[in-house]
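Visitor: The structure that follows is given in the form of structure tokens.
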Amino acid sequence: MATAAQNDLRERSGRYHFPPGFQRNLLWFALHKFRPANPILLFQHLADTYGDIAHYKLAWNHIVFLNHPDYIREVLVVQNDNFIKERTVQRTKMLLGEGMITSEGEQHRRQRQVAQPAFHRQRIPEYASAMVDEAIRVRENWRDGEQRDIAVDMMHLTLNVVARTLFATDLREEAHELADAINRIMGLYNFLVMLPAAEWLVHVRPPGLAAFVRARKRIDAVVYRTIEAHRRERSNSGSLLDLMLAAAPERSPASEQSLRDQVITIFLAGYETVANALSWTWYLLSQNRECEHRFHAEIDRELQGRQPAFEDVPRLRYTEMVLAESMRLYPPAWAMGWYARNDFRLGEFFLPAKTTVLISQFVTHRDPRFFPDPLRFDPERFIPEAKARRAKFTYFPFGAGTRQCIGESFAWMEGVLLLATLGQKWKLALVPGHRVEPEPLITLRPKYGMRMLIEARPGRNAISEPPDTTRPHVA
Ligand code: HEM
């Protein structure tokens, strides 16, 4: 691999061909133009000004931002071997350690192989009843006319779903504490990733960062307790945690740490994303009453007042289209970043090793070339014919290539079942005056939560079956 000095020399000698972009270093722009805390504004500006590909420098680092399906495919699929996760992803190791999202090469391959059976097509249907059970608990807890922060409810709901389905564990007692600790960390995240030597600082614990360490300890305590309980019970349910335990070498501090990293990664990846997708969906439905009406009509027609089940999912097509359109406008994973190992070519451009490549679902999903009238909420964009007409890699909420989301099928089923179960009985309206703004943290959260008014659907109060507690926990 070329040294920094060699790279500089090549650059000066014109070996590389950079795309158009900022002439000044981004630090200047960050100070003059953009709030550094909102990178989406920067990405949108780059796409609006330079089009499909833009280049800038941050200090001595080359960065390219891509906004065209051909370039995106090159990086995620065709030249994927040349890229590893970029620095801000690497820095999530402060929380996630070396789990599937942050690991690379052989370690990543091994972790993915161990987890894969839990996400296999044949396993997914088993999870459906636990998902619906958890949604019914929430549904029966809501009261007509009350105001709730739906973002909090969705976080607790999806956290319980992941705990029950993948880890065969009941975390209802701990859900508040866990979600609270994760919120603390999320709140500090944007500050932490900008901080030089943050990894070292969290060990030193200056005031301000102590909260991060405390929150991480609370999360670790729950994770280690879950692992220990599984060991004690010699659980052999075939859950993801069983698979991870079976693959762990002899007990040692390193293997315990590695288990912890793998568990916390799946937890975080598996509940935050779905919870955000659902919060944004309830919001969008509340703003588009015609779509909401079609959503309710489909649930009533297909379920006839029954509790939804796995077999219903393919029939709830409009519900799935609503979810797809919601993740177009508010993709929970709003950007991805890669770091080039070697020099590489993108179209007519030739770029040096160590270039960072950024891609934003948020920006590409709102490009009018791919989605006309992009700000309009229109689930019809996802009828099969419309999907077939669109170029691949214009819509990629779950990424693509070797690092594509392992939980994609799980997430689609969960999203559809939870929306249908809750929508059977309730209609949600945004509390007047509540401010709604996306906040790009590790995932795209509603910055001020999502305060909504819960209204019983006329004639739907009859749907009040209690959760089926006789059914064993799935997985
Ligand atoms: C709406 C829900 C979800 C969205 C939008 C989403 C999105 C993504 C994206 C974009 C990636 C690729 C990240 C990258 O390449 O940098 C990813 C990876 C991953 N996701 Fe998801 N995800 C969702 C749900 C889930 C669920 C339910 C689980 C597990 C239960 C999960 C587990 C993972 C894991 C472990 C990875 C890392 C895969 C790897 O690197 O091999 N995700 N997800």
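The values are calculated or read from the model by the stated rules, or taken from the named source; none is laboratory data. From a predicted model like this one, the values you see are computed outputs, not experimental measurements. In this analysis, Cβ positions are derived from the backbone assuming ideal geometry, glycine residues included, and neighbour counts consider all displayed protein chains.
Visitor: Mind checking which residues of the stretch 422-443 are outside any loop (DSSP other than H, G, I, E, B), touching a Lys or Arg at 6+ places or on another chain (Cβ under 6 Å), over 20 Å from THR88 (Cα atoms) and of a type outside the set (Lys, Arg)?
Guide: Of everything in the stretch 422-443, just one residue is outside any loop (DSSP other than H, G, I, E, B), touching a Lys or Arg at 6+ places or on another chain (Cβ under 6 Å), over 20 Å from THR88 (Cα atoms) and of a type outside the set (Lys, Arg), namely LEU422.
Visitor: Just to be sure I understand, how many residues within the stretch 72-94 are under 23 Å from LEU58 (Cβ atoms) and either modelled with pLDDT of 90 or more or of a type outside the set (Val, Ile, Thr) (or both)?
Guide: Looking only at that region, the number is 15.
Visitor: Among the candidates ASP149, ASP153, which residue alone is surrounded by 21 or more Cβ atoms within 10 Å (Cβ to Cβ), among the charged types (D, E, K, R) and modelled with pLDDT of 80 or more?
Guide: Answer to the check: ASP153.
Visitor: Residue by residue through the stretch 247-280, note down the ones that are within 10 Å of the ligand (Cβ to nearest atom) and of a type in the set (Val, Ile, Thr).
Guide: THR265, ILE266, THR273, VAL274 - these are the residues of the stretch 247-280 that are within 10 Å of the ligand (Cβ to nearest atom) and of a type in the set (Val, Ile, Thr).
Visitor: Give the number of residues within the stretch 367-402 that are touching a residue at least 40 places away in the same chain (Cβ under 8 Å) and of a type in the set (Lys, Arg).
Guide: 2
Visitor: Looking at this structure, is GLY407 within 12 Å of the ligand (Cβ to nearest atom), touching a Phe, Trp or Tyr at 6+ places or on another chain (Cβ under 7 Å) and among the small types (Gly, Ala, Ser)?
Guide: yes
Visitor: Tell me yes or no: at least one residue of the stretch 337-344 is part of a strand (DSSP E or B) and away from the ligand (no atom under 16 Å from the Cβ).
Guide: For the stretch 337-344, residues part of a strand (DSSP E or B) and away from the ligand (no atom under 16 Å from the Cβ): present.
Visitor: Next question, about the same structure. Which condition breaks for THR421 when tested against (1) crowded, with 16+ Cβ neighbours inside 10 Å; (2) within 16 Å of the ligand (Cβ to nearest atom)?
Guide: So the condition that THR421 fails would be (2).
Visitor: Of everything in the stretch 221-242, what is within 25 Å of the chain's Cα centre (by Cα) and surrounded by 17 or more Cβ atoms within 10 Å (Cβ to Cβ)? Give them in sequence order.
Guide: VAL222, VAL223, THR226, ILE227, SER239, LEU240, LEU241, ASP242 - these are the residues of the stretch 221-242 that are within 25 Å of the chain's Cα centre (by Cα) and surrounded by 17 or more Cβ atoms within 10 Å (Cβ to Cβ).
Visitor: Does the stretch 115-131 include one or more residues that are over 23 Å from LEU178 (Cβ atoms), among the polar types (S, T, N, Q) and within 12 Å of the ligand (Cβ to nearest atom)?
Guide: For the stretch 115-131, residues over 23 Å from LEU178 (Cβ atoms), among the polar types (S, T, N, Q) and within 12 Å of the ligand (Cβ to nearest atom): present.
Visitor: Can you say whether ARG317 is within 24 Å of GLY399 (Cα to Cα), charged (D, E, K, R), surrounded by 14 or more Cβ atoms within 10 Å (Cβ to Cβ) and under 26 Å from the mean Cα position of the chain (by Cα), as far as the supplied structure shows?
Guide: In short, yes.
Visitor: So, in the stretch 385-399, exactly how many residues are part of a loop (DSSP other than H, G, I, E, B) and more than 8 Å from the ligand (Cβ to nearest atom)?
Guide: Of the residues in the stretch 385-399, 6 are part of a loop (DSSP other than H, G, I, E, B) and more than 8 Å from the ligand (Cβ to nearest atom).
Visitor: Look through the stretch 431-453, keep the residues that are crowded, with 17+ Cβ neighbours inside 10 Å and farther than 27 Å from MET336 by Cα, and return whichever of them is farthest from the ligand (Cβ to nearest atom).
Guide: My answer is LEU453.
Visitor: Quick check on my filter: what residues within the stretch 237-246 are more than 18 Å from LEU159 (Cβ to Cβ) and within 16 Å of the ligand (Cβ to nearest atom)?
Guide: Listed by number, the residues that qualify are GLY238, ASP242, LEU243, MET244.
Visitor: Just the residues that are more than 17 Å from the chain's Cα centre (by Cα) and among the hydroxyl-bearing types (Ser, Thr, Tyr), please, taken from the stretch 419-448.
Guide: Within the stretch 419-448, THR421, TYR448 meet the criteria.
Visitor: Can you confirm whether GLN44 is farther than 22 Å from ALA340 by Cβ and either modelled with pLDDT of 90 or more or buried (at least 19 other Cβ atoms within 10 Å of the Cβ) (or both)?
Guide: So GLN44 fits the description; yes.
Visitor: Across the stretch 290-306, what is the total count of residues that are outside any helix (DSSP H, G or I) and within 28 Å of the chain's Cα centre (by Cα)?
Guide: Final tally of qualifying residues: 0.
Visitor: Within the stretch 361-379, identify whether any single residue is closer than 17 Å to VAL89 by Cα and either touching a Leu at 6+ places or on another chain (Cβ under 8 Å) or more than 9 Å from the ligand (Cβ to nearest atom) (or both), and answer yes or no.
Guide: no
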